[in-house]
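These notes are about the structure you will find just below.
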Amino acid sequence: MKGLTREVLIRTALRLLDEVGLDGLTVRKLAAELGVQSPALYWHIRTKQELLDGMANEIILRAGMGPPLDGESWQEWLRRRARAYRQSVLASRDGARVVSGGGRGGAAVQHFEAELAAMVRLGFTPVQALRTITTLSHYINGHVLQEQAVIESPGSPDLSGLPTLTAALHGGSPVGEEVFEHGLDVFIAGTESRLAAAPGRTDPSPR
């Protein structure tokens, strides 16, 4: 089929994902959506996992990843990066499941390299930079996984005799924007503490 490219397959798969979800996404359905037979797709994507890898990388890239802006502290950058990544993952149905199970490659890895290099210039060691970014990514993926989960329940739980939990739940949902921001604050504060305690640490980034 003329015009059938790997990029077209991935973007179409992401659109189909919103309609049928990850469990309903198959190579056969993707081929039907594109108006071709399944074998035609294998010229561009050999396996479903390769397709999922491409979808995961597209979700990451559309978040606009990249190093900090001029004059931007690592704290400000991590907040901006985390919020953009969460919104990108939330934008696709089952997005957290896709990025959690997908491999990284291509442009996404190049952006990641640029981010790590920038963090090293801001005073992180390469290991600290990698652990900081991957831990934050795990937090975001896990949080969005909860946000996107379809929880089937016969009704509201019986909270009688559980006054502390009742009071806590009256304060708001255990998932969502406020909870995400709380976790992000804790993560930034924890990272600052770990860096400050590192031997010979000098933080050159603006605050």
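The values are calculated or read from the model by the stated rules, or taken from the named source; none is laboratory data. Values in this document were obtained by computation on a predicted structure and should not be read as measured data. Because the Cβ atoms are built from the backbone with ideal geometry, glycine has one as well, and the counts that use them run over all protein chains shown.
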Quiz item: Would you say residue 88 is among the polar types (S, T, N, Q), surrounded by 15 or more Cβ atoms within 10 Å (Cβ to Cβ), in the same structural domain as residue 180 (by TED's automatic domain parsing) and not in a helix (DSSP H, G or I)?
Solution: no
Quiz item: Regarding residue 63, is this residue assigned to a helix (DSSP H, G or I), of a type in the set (A, V, I, L, M) and within 27 Å of residue 52 (Cβ to Cβ)?
Solution: no
Quiz item: Applying the selection to the range 162-181, what residues are within 18 Å of residue 141 (Cβ to Cβ) and surrounded by 11 or more Cβ atoms within 10 Å (Cβ to Cβ)?
Solution: 175, 176, 177, 179, 180, 181
Practice problem: Output the residues belonging to the range 98-112 that are more than 14 Å from residue 85 (Cα to Cα) and either modelled with pLDDT of 95 or more or small (Gly, Ala, Ser) (or both). | Solution: 101, 102, 103, 105, 106, 107
